[in-house]
Structure formats: C-alpha cells, structure tokens
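Structure record follows, encoded as structure tokens.
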Amino acid sequence: MKALKAILLAAAVLYLILYVAIAVARISYPFELEWREGGAVDQVARILAGEKLYVEPSLEFVPYTYTPLFFYVSAGAASLLGVGFFPLRLVSFVSSLVSLLLIYLLVKRETKDTWCGVLAAGLFAATFRASGAWFDLARVDSLFLVLCLAAIYVVRASSSRLGYTA
C-alpha cells in the first residue's frame, strides 16, 4: 500500500511539474496557440486605447460575448508588460497555479491529508492535455475557475452565514 501511495504521489508531482514546464515554455510564444487568443488580445488593446469593449459588431471589430473581467485584468497586466499574448497568458497561468493551490487546500482541508491534496492537484494537472490544454491560454477560463474555487474555499472555510458573504 505504501508503494502504491508513493507511486501515485510521484505521478501527481510529475504532472504538476510537467504542466508548469509546458506553460512556461508556451507563455512567450509570439503567435496564437488557440484561435480565440488573437481576439482576446484585440479586446485588451481596445480597453487600453480607451475604446468601448461592447459595441455593435462591424467589419473592423466583433466583441466577444464573454464577461469583461478577464479582459480588464489582462489590460492591467498589458499596461505594464505591453499588448500581446504574454500578459493575457500570464493572467491565465497565474490563475491556473492558484487554482491548483486551491484544489490542494480544499482537499487537504476536507480530508485532513496532505497526500490527498497533492494527489487532487496533480490529478487536475494531469487533465491538461485531455481537456484541451487551455489552462495557460489567453482565455477567460482559468480566471473564472480560480474565482469559483476561491468562492468554494471561502464558503467551506466559513463557520457562519456572515462568512458566506465575503
């Protein structure tokens, strides 16, 4: 049993390391890794140019129907790092790392077992390719996921109804 637990732990840690290595290798790639990334960069460029994000579609610009939080957070990063894929991917990558941490913390809290927490985070990292390799892309998904996990963590950590409103 100890050998199986050690093998599973090693596999979980390996998947975590592989995900981080792949994401770091891809983060500065200067071209689209997925077809929506270019449009996301356009959304951020509009924000930084002071233009409205949601306008009537035209030949020059068709807004995405996603909520604006990811684009505004990415615009903040882009104002420091420059417009391009990197700041948007950085937001997604950091969001995915915090998601992995929250998965670990949630499972560890519920099971009171560090091994289970690492295994859960590693299992999520292992789904990277099978789920479309989107964790680190310039997309809204990773930021949405981290916000959902953070809400779950706050609710599970709260001992009163007042804590649920945080």
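The values are calculated or read from the model by the stated rules, or taken from the named source; none is laboratory data. All values reported here derive from a predicted model rather than from experimental measurement. A quick note on method: Cβ atoms are made from the backbone with ideal geometry, for glycine too, and the neighbour counts reach across all protein chains shown. Quick note on the areas: whole protein, heavy atoms, side chains included, nothing else; ligands and nucleic acids left out. Shrake-Rupley method; radii C 1.70, N 1.55, O 1.52, S 1.80 Å.
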- PRE reach from ALA133 (point 7 Å along Cα→Cβ): which of region 1-33 fall under 20 Å by backbone N? 14-33
- Note on the structure: Rounded to the nearest 0.05, FRET efficiency between SER158 and LEU69 (Cβ-Cβ, R0 22 Å) equals 0.40
- Message: Tell me which of ALA23, ILE47, GLY82 sits at the most positive position along the dipole axis of the chain, charges placed on C-beta atoms (Lys, Arg +1; Asp, Glu -1).
- Response: ALA23
- Nearest 10, in degrees from 0 to 90: the angle of helix 141-157 to the longest Cα principal axis of the chain is 40
- With an 8 Å cut-off on Cα pairs and a minimum separation of 6 or more residues, tell me the relative contact order of the chain in percent. 29
- Treat each spin label as a single point 7 Å out from the Cα along the C-beta direction, and report the SER79 to LYS2 distance in nm. 5.6
- Query: So which aspartates and glutamates can LYS52 reach, going by Cα to Cα under 15 Å and dropping same-chain residues fewer than 8 places off?
  - Reply: ASP42, GLU60
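Just the number please: accessible area per residue for the chain, 1.4 Å probe, all protein chains included, in Å². Numbers along the way, then the final one.
Numbers: 9800 Å² over 166 residues.
That works out to 59 Å² for each residue.
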- Query: Relative contact order, percent, of region 90-152 when contacts are C-alpha pairs under 8 Å separated by at least 6 residues?
  - Reply: 48
- Any idea what log10 I(q)/I(0) is at q = 0.11, 0.19 Å⁻¹ for the chain, Debye with uniform C-alpha scatterers and no solvent? -0.54, -1.15
- Query: Leaving out ligands, DNA and RNA, what percent of the accessible area of region 24-147 is carbon and sulfur, probe 1.4 Å?
  - Reply: 67
